[in-house]
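Chemist: Structure in structure tokens, see below.
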Amino acid sequence: ELLELFSDFDFNVYNKSGQKLVEPGIQQTFLQNEGRETHTYLKYIIDNYENISPVTVLIQDDTNNHIHDHVHFRKFIDNFTEKTKYFQVYPAQFREGKNRTPKRTIRDGILPAGKELPHVPVIHAKTIVKLIAEKFNLRVPKTYTTHCCAFLVCSRESIHRHSKQFYIDLLNFYMSDETCSTHIKGYVFEHIWKLIFDQFEE
């Protein structure tokens with residue numbers, strides 16, 4: 001259904017499954033199965049930086065878990081495009097059948113009590129977003145709210161606000177064990193994307 005609804009879009013599947021998809025007309029890039037969607041998104045941006053589309057939609061493969069209504073998702077993308085929006089995070093479900101779209105509000109880069117990210121070392125449990133933002137010179141607004149699961153809709157301008165080298169450095173950091181493991185940083189980056197791509201009023 002999702003493929004049919006987006007038949008006018010170009011698809012590029014970064015395939016880590018080890019098996020070739022049989023869907024016709026879909027471009028596939030085969031990668032080693034490492035990292036989470038953070039690795040995939042950054043790799044795609046690096047690979048396509050010079051020719052990035054006016055609108056890029058970055059989604060994970062398990063759409064049945066995260067997109068509760070494919071028609072609503074298509075309307076969300078159309079609204080983004082028609083209104084020439086800059087960047088948005090789609091309010092994804094956490095799991096299929098659960099009518100929740102989890103989100104967190106972060107103040108001064110600090111996670112509120114009881115909202116720490118899963119498995120982050122205690123020393124960084126509240127401050128890890130701020131820590132990574134400072135490392136990559138990302139502005140942290142006084143308060144911002146973002147959705148979980150990292151279904152991202154990016155304008156070309158939002159991606160090009162940083163250099164290609166920025167994304168290369170970010171990917172190298174993500175794939176290292178600096179601060180915490182790659183697996184854990186996957187949870188953290190759900191709350192970093194907005195700092196990377198969005199524009200915040202002063």
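Chemist: On the given criteria, is Thr81 loosely packed, with under 15 Cβ neighbours inside 10 Å, among the hydroxyl-bearing types (Ser, Thr, Tyr) and in a strand (DSSP E or B)?
Modeler: Values: loosely packed, with under 15 Cβ neighbours inside 10 Å: yes; among the hydroxyl-bearing types (Ser, Thr, Tyr): yes; in a strand (DSSP E or B): no.
Spelling it out, it is not the case that Thr81 is loosely packed, with under 15 Cβ neighbours inside 10 Å, among the hydroxyl-bearing types (Ser, Thr, Tyr) and in a strand (DSSP E or B).
Chemist: Considering only residues that are in a helix (DSSP H, G or I) and over 14 Å from Thr40 (Cα atoms), which ones fall in the range 159-172?
Modeler: As a first pass, look at the range 159-172 and keep what is in a helix (DSSP H, G or I): 159-160, 164-172.
Residues satisfying the conditions are Ile159, His160, Lys164, Gln165, Phe166, Asp169.
Chemist: Using beta carbons and a limit of 6 Å, which pairs, at least six apart or on different chains, have the first residue in the range 105-126 and in a loop (DSSP other than H, G, I, E, B) and the second one open to solvent by 50 Å² or more (accessible area, probe 1.4 Å) and aliphatic (A, V, I, L, M)?
Modeler: Lys126/Ile110
Chemist: Exactly one of (1) touching a strand residue (DSSP E or B) at 6+ places or on another chain (Cβ under 7 Å); (2) outside any loop (DSSP other than H, G, I, E, B); (3) modelled with pLDDT under 95 is unmet by Leu131. Its number?
Modeler: Only one criterion in (1) touching a strand residue (DSSP E or B) at 6+ places or on another chain (Cβ under 7 Å); (2) outside any loop (DSSP other than H, G, I, E, B); (3) modelled with pLDDT under 95 is unmet by Leu131, namely (1).
Chemist: Okay, next question. Under the condition of being closer than 22 Å to His147 by Cβ and open to solvent by 30 Å² or more (accessible area, probe 1.4 Å), which residue from the range 163-202 is nearest to the chain's Cα centre (by Cα)?
Modeler: Looking at the filtered set, the residue picked out is Lys194.
Chemist: Restricting attention to the range 131-157, which residues are closer than 28 Å to His68 by Cα, of a type outside the set (Gly, Ala, Ser) and in contact (Cβ under 8 Å) with a residue 40 or more places away in the chain?
Modeler: In the first step, residues of the range 131-157 are kept if they are closer than 28 Å to His68 by Cα; the result is 143-156.
So of that shortlist, the ones also of a type outside the set (Gly, Ala, Ser) come out as 143-149, 151-154, 156.
Of everything in the range 131-157, those that are closer than 28 Å to His68 by Cα, of a type outside the set (Gly, Ala, Ser) and in contact (Cβ under 8 Å) with a residue 40 or more places away in the chain turn out to be Tyr144, Thr145, Thr146, His147, Cys148, Cys149, Phe151, Leu152, Val153, Cys154, Arg156.
Chemist: Continuing with this model, one more query. Does Lys85 qualify as being basic (Lys, Arg) and touching a residue at least 24 places away in the same chain (Cβ under 8 Å)?
Modeler: Values: basic (Lys, Arg): yes; touching a residue at least 24 places away in the same chain (Cβ under 8 Å): yes.
Spelling it out, Lys85 is indeed basic (Lys, Arg) and touching a residue at least 24 places away in the same chain (Cβ under 8 Å).
Chemist: Mind listing whichever residues of the range 33-76 are outside any helix (DSSP H, G or I), surrounded by 14 or more Cβ atoms within 10 Å (Cβ to Cβ) and without any contact (Cβ under 8 Å) to a residue 60 or more places away in the chain?
Modeler: Keep residues of the range 33-76 that are outside any helix (DSSP H, G or I), which gives 33-36, 52-62, 67-69.
Cutting the leftovers down to surrounded by 14 or more Cβ atoms within 10 Å (Cβ to Cβ) gives us 35-36, 52-53, 55-61, 67-68.
Matches in the range 33-76: Asp61, His68.
Chemist: Here is a further query. Please determine whether any residue of the range 153-171 is at positive phi and out of contact with any His (no Cβ under 7 Å at 6 or more places or on another chain). Explain how you work it out, then say what you get.
Modeler: Restricting attention to the range 153-171, the residues satisfying the condition of being at positive phi are none.
No, the range 153-171 has no match at all.
Chemist: In the range 134-150, which residue that is among the hydrophobic types (A, V, I, L, M, F, W, C) and at pLDDT below 95 is surrounded by the most Cβ atoms within 10 Å (Cβ to Cβ)?
Modeler: Our first condition is that a residue be among the hydrophobic types (A, V, I, L, M, F, W, C); within the range 134-150, this holds for 136, 138, 140, 148-150.
Now narrow it down to the ones that are at pLDDT below 95: 140, 148-150.
Values: Val140: 18, Cys148: 19, Cys149: 23, Ala150: 25.
Per the criteria, the residue is Ala150.
Chemist: Just checking, does the range 90-102 include any residue being of a type outside the set (Lys, Arg), modelled with pLDDT of 90 or more, open to solvent by less than 50 Å² (accessible area, probe 1.4 Å) and within 27 Å of His68 (Cα to Cα)?
Modeler: Yes, there is a match, as at least one residue in the range 90-102 is of a type outside the set (Lys, Arg), modelled with pLDDT of 90 or more, open to solvent by less than 50 Å² (accessible area, probe 1.4 Å) and within 27 Å of His68 (Cα to Cα).
The values are calculated or read from the model by the stated rules, or taken from the named source; none is laboratory data. Note that this is a predicted model, so its numbers are computed, not measured. Don't worry about glycine lacking a Cβ; one is built from the backbone with ideal geometry, like all the others, and counts go over all protein chains shown. The accessibility values were calculated without ligands, DNA or RNA, using every heavy atom of the protein model including side chains. Shrake-Rupley method; radii C 1.70, N 1.55, O 1.52, S 1.80 Å.
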